[in-house]
1. Give the angle, between 0 and 90 degrees and rounded to the nearest 10, that separates the Cα long axis of helix 34-44 from the longest principal axis of the Cα atoms of the chain.
2. Give me Lys141, Lys182 sorted ascending by neighbouring Cβ count inside 10 Å, so fewest comes first.
3. What is the helix-to-structure angle for 164-174, meaning the angle in degrees between its Cα long axis and the longest Cα principal axis of the chain, kept from 0 to 90 and rounded to the nearest 10?
4. For the chain, what does the relative contact order come out to in percent, with C-alpha contacts under 8 Å and a separation of six or more?
5. When Lys and Arg each count +1 and Asp and Glu each count -1, what net charge do the other residues less than 15 Å away from Thr79, Cβ to Cβ, add up to?
6. Quick check on the chain: helices-only [θ] at 222 nm, where DSSP H runs of length 4 and up contribute -39,500 (n - 2.57) each and the sum goes over total residues. Nearest 500, please.
7. Under the rule a/c < 1.5 gives rounded, and otherwise a/b versus b/c splits prolate from oblate, where does segment 1-110 land using the Cα gyration tensor?
8. Based on the alpha-carbon gyration tensor of the chain and its eigenvalue square roots a ≥ b ≥ c, which shape applies: rounded if a/c is under 1.5, prolate if not and a/b is larger than b/c, or oblate?
Amino acid sequence: MFNQADLPDVIPVFPLPGALLLPRSRLPLHLFEPRYLTMLEDALKTPERLIGMVQPNAAPDGRTGGTGLHSIGCVGRVTQFSETEDGRYMITLTGLSRYRIIEETEGFTPYRRVRVSWEGFERDLGPVDEDPGFDRDRFFKLLERYFAARELQTDWESLEGADDELLINSLSMLLGFEPEDKQALLEAPSLSTRRETLVTLIEFALRGGSDEEVMQ
């Protein structure tokens, strides 16, 4: 079990548009670029085995301190990995905590590293988050409309049996929203606000606000 004192001040980051990692959730990744293979090898040499996921941000809005990255990302621990015959890796990151980028650090690694602050994200390392106001029946009716409109298939029994956090976080990660929408889901301060954001995005898509929403 990690606490904030166990987390380093500098972490490697993997900028990937549209990829969302949330605390206590799992993200499968396929690594094949040489710089990210080196990043994985270096991470596996450390006891923490941490890699930070973050979204690129090209907008000149001052939110990133000039790094070209969104200011908030989520760090994960490599909990599974396997190598293919041609040298690629399939890995799974288990989300630990969000972080705020302070600055990008200089170094000799081919991948990017950033100095981060964990302040304000103490709850990420705590127990499963709860959503007392969650109306599951109403939510599933909306979700059924969304899946039908997009002609998507899913295991409804597994979805209905998931606890609130697993359900909301898994849908936030899997549904094919735009990168900026994914960032809004990441930055939601609580499970309740993430669920409200998710509902808003689904309703917007059903009104024709998005061109193509597909499962990743």
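Here, each number is a calculation from the coordinates, and none is a lab measurement. Given the structure is predicted, the values throughout are model-derived calculations rather than measurements. Every residue, glycine as well, gets a Cβ built from its backbone with ideal geometry; the counts of neighbours run over all protein chains shown.
1. It is inclined by approximately 90 degrees.
2. Lys141, Lys182
3. Once rounded, the angle reads 70 degrees.
4. That works out to 22 percent.
5. Neighbour charge sum, excluding Thr79 itself: +3.
6. Here the helix-only value at 222 nm equals -9500 deg cm²/dmol.
7. Working: a/c = 1.58, a/b = 1.30, b/c = 1.21.
Judged from the Cα gyration tensor, segment 1-110 comes out prolate (a/c at least 1.5, a/b above b/c).
8. Prolate.
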